[in-house]
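Read through the structure below, which is laid out as structure tokens, and then see the notes.
The values are calculated or read from the model by the stated rules, or taken from the named source; none is laboratory data. The structure presented is a predicted model; accordingly, all values stated were derived computationally and were not measured. Reconstructed Cβ throughout: ideal geometry from the backbone, glycine too, with neighbour counts over all protein chains shown. Accessible surface is based on the protein model in full, side chains and every heavy atom, while ligands, DNA and RNA are left aside. Shrake-Rupley method; radii C 1.70, N 1.55, O 1.52, S 1.80 Å.
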Amino acid sequence: MWAIIAILGFVLFLICIPAFVYALKKKKKGGIALYAVMAGISYCILLFGGMQAVSDYKTAQAAQEDNPVATAEDPGIEASGDQAAAAVDEPEVTAVASEQSAEQVKEPELEPKLEPLADLPADTPDVLDEIISDEIPDEVEPEAELSDLPDQLTASGGIGDTLSVLKDEYGYNSGDEKQASFKRGSVTAAIHPPSNRAYKIEYGYVGGVAGALTAITDMIPADSVQLDMGVGTDKVMISYRSEMLSQAIQQGDFVASFNVTKVGDNKLASYINISLGTFTSP
């Protein structure tokens, strides 16, 4: 979508430049001002749209590399690899089996003799039962249940929340049960299958830096504690820790980040990403 916006900005910029030159030659003050403003706006659209398109592309590539639900763990793939390995090793196995058969023909097999269990007491079955019963605990303690953990950990829907909560907050899910997409792709969530909770949130935010920080606060668990913060020339990264998130998906450290672009004297924040992990500022 950002690529289309950048192309439209480029087309508008190409249209405005000749019109601006023509108005400049004819010395039409109103036309000069109008086309100069339109050329400036179209250039900003072209620049911002191009930057967002490149950012979205890099993010998509990073998401494919960092996705914990790796397709390489598919049992089908492993089975195929095992079958291929078995097919390659089959001649070697056959050769080894042939050598073993030849050795068995040449040398008689020496089977060890088993001594009778005469020394065992008469109540041996009871002793074995006691040994087995000692190895198996009387009561297996189940893992910590999450029944007391609410479905919604954030204020407005974000990391750690269940898929049903995200649907209630953002509406129709145009994605699937593992990669949810809301509001025409402006909000996406990667879902942790065992817990059915979001472990990564991407939000196509565009606005001020203060608004980006407020949005992040609403999309992280209520008990989150800030650990570190890194501010670069074009990006801000903040690391947090949440006990509720740790209970929900077995990892409580996560990082929230957004891009920063200087527009005139102001700074424009865009593209909020919240995902599991840590970082240390230099």
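A few notes on this one:
- Counting the residues of region 220-261 that are among the acidic types (Asp, Glu) and within 23 Å of GLY50 (Cα to Cα) gives 1.
- Failed condition for LEU276, given (1) out of contact with any Ser or Thr (no Cβ under 9 Å at 6 or more places or on another chain); (2) farther than 25 Å from ASP176 by Cβ; (3) not hydroxyl-bearing (Ser, Thr, Tyr): (2)
- Any pair with Cβ under 6 angstrom, 6 or more apart, that starts in region 266-279 at a residue that is among the charged types (D, E, K, R) and ends at one that is open to solvent by less than 30 Å² (accessible area, probe 1.4 Å): LYS267/VAL260
- Residues of region 5-46 that turn out to be modelled with pLDDT under 75 and closer than 27 Å to THR188 by Cβ, as a count: 3
- With a requirement of 1 or more residues that are open to solvent by less than 30 Å² (accessible area, probe 1.4 Å) and closer than 20 Å to LEU153 by Cβ, the strands (runs of 3 or more DSSP E) lying completely within region 164-282 that satisfy it span 179-182, 187-192, 197-207, 235-241, 253-263, 266-276.
- Tally of residues being closer than 13 Å to MET237 by Cα and either in contact with a helix residue (DSSP H, G or I) (Cβ under 6 Å, 6 or more places away or on another chain) or at pLDDT below 85 (or both) across region 260-270: 1
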